[in-house]
Amino acid sequence: MNKILIVEDEDAIADIEKDYLELSGFQVTICKDGTSGLAEALNENYDLCIFDVMLPGIDGFEICKRVREEKDIPIIMLSAKKEDIDKIRGLGVGADDYMTKPFSPSELVARVKAHLSRYERLVNTIAIDNEIIEIRGIKIDKTARRVFVNGEEKLFTTKEFDLLTFLAEHPNHVYTKEELFKEIWDMDSIGDIATVTVHIKKIREKIEMDTGRPQYIETIWGVGYRFKV
Ligand code: CA
């Protein structure tokens, strides 16, 4: 269930927003002043925030700005003054949307839903792109640091995992042993670059059907290695 924070000092308005949002299946929390609203928004995990502009304590502009510095969640601003809209736009407080009072509660609910689904799509896209690399039969889960070859999990040491992931993230790019050593071992390549060869050999034993004829990590003689796609 999506959690929504409303920061609004007028009880009647806060109650209407809460009723409509709860009827649509959201879990709603209300804060009635800026100070508690800001603390709540920063310390708890909300999926979306609705801030009134004029509030006792810290105003809605400031809350929006401070929350935006820490979180990517959608923020909708509400204001009784039309002039505030220019401020919301112009000051770059980071709000995703704004509505002026009086507003239609069902319109608010519609916008909340639209922002949440847009945000969820965005988050899912990033999660898939960033965390899972799939190349033919190999699946690398970067977050969990696990590797599956044709569905079977293989265990990798930290450096083996880093090296495989680096190569798989730059497919068809040929790297010299010096470059790989520098990239993965994070030192100037004065160290022992034979380490790279040893690690490539170990990785191949785990991912290749036939290490004599590698299908994934290819040796480019006299140059280095590349992950073939
Ligand atoms: Ca107010």
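The values are calculated or read from the model by the stated rules, or taken from the named source; none is laboratory data. Quantities reported herein were computed from a predicted structural model and do not represent experimental measurements. Cβ atoms come from the backbone with ideal geometry, glycine included; neighbour counts cover every protein chain shown. With ligands, DNA and RNA removed, areas are computed over all heavy atoms of the protein, side chains included. Shrake-Rupley method; radii C 1.70, N 1.55, O 1.52, S 1.80 Å.
So how strong a dipole does the chain carry about its Cα centre when Lys and Arg Cβ are +1 and Asp and Glu Cβ are -1, to the nearest 20 debye? Before the final figure, lay out the partial values.
On the way: 32 positive and 44 negative charges, 236 e Å.
Approximately 1140 debye in magnitude.
In the chain, with Lys and Arg counted as +1 and Asp and Glu as -1 at Cβ, which of these residues, S36, N172, M1, has the Cα nearest the positive end of the dipole, that is, farthest along it?
With unit charges placed on the Cβ atoms, the residue in question is N172.
Quick test of the membrane-span-like rule: which DSSP H helices of the chain reach at least 15 Å along their long axis (C-alpha atoms) with mean Kyte hydropathy at least -0.5? Working shown, then result.
On the way: long enough: 11-23 (18 Å, -0.19); 60-70 (16 Å, -0.89); 105-131 (38 Å, -0.31); 158-169 (16 Å, 0.25); 194-207 (20 Å, -0.04).
Span-like helices here: 11-23, 105-131, 158-169, 194-207.
Taking only protein heavy atoms and a 1.4 Å probe, what accessible area per residue, in Å², does the chain have with all protein chains in place?
55
Among DSSP beta bridges lying fully in the chain, give the percent that are antiparallel, nearest 5. Intermediate results must be reported in sequence, preceding the final value.
Working: 17 of 34 bridges.
Restricted to the chain, the bridges split so that about 50 percent are antiparallel.
Figure the gain on full extension for E69 and K228 (residue separation times 0.36 nm, minus the Cα-Cα span) and round it to one decimal in nm. Present the calculation step by step, with values, prior to reporting the outcome.
On the way: separation 159, 0.36 × 159 = 57.24 nm, distance 4.05 nm.
Fully extending the segment from E69 to K228 adds 53.2 nm.
Rounded to the nearest whole Å³, what is the per residue volume of the convex hull around the Cα atoms of the chain?
Details: hull volume 38.7 nm³, N = 229.
With only Cα atoms used, the chain gives 169 Å³ per residue.
Carbon and sulfur atoms: what percent of the 1.4 Å accessible area of the chain do they account for?
Details: 6300 of 12620 Å².
The nonpolar share, carbon plus sulfur, comes to 50 percent.
Can you give the FRET efficiency to the nearest 0.05 for A12 and L122, using r as the Cβ-Cβ distance and R₀ = 41 Å? Mind dumping the intermediate values first?
Numbers: r = 34 Å, r/R0 = 0.83.
Efficiency, from the Cβ-Cβ distance: 0.75.
If the chain between R136 and A39 were fully stretched, how many nm would it gain, using 0.36 nm times the residue separation less the Cα-Cα distance? Show your work: numbers first, answer last.
Details: separation 97, 0.36 × 97 = 34.92 nm, distance 4.71 nm.
Answer, rounded to one decimal: 30.2 nm.
Please identify which residues in region 76-101 have an amide N closer than 11 Å to a label point set 7 Å out from the Cα of A114, following the Cα→Cβ vector.
97-98
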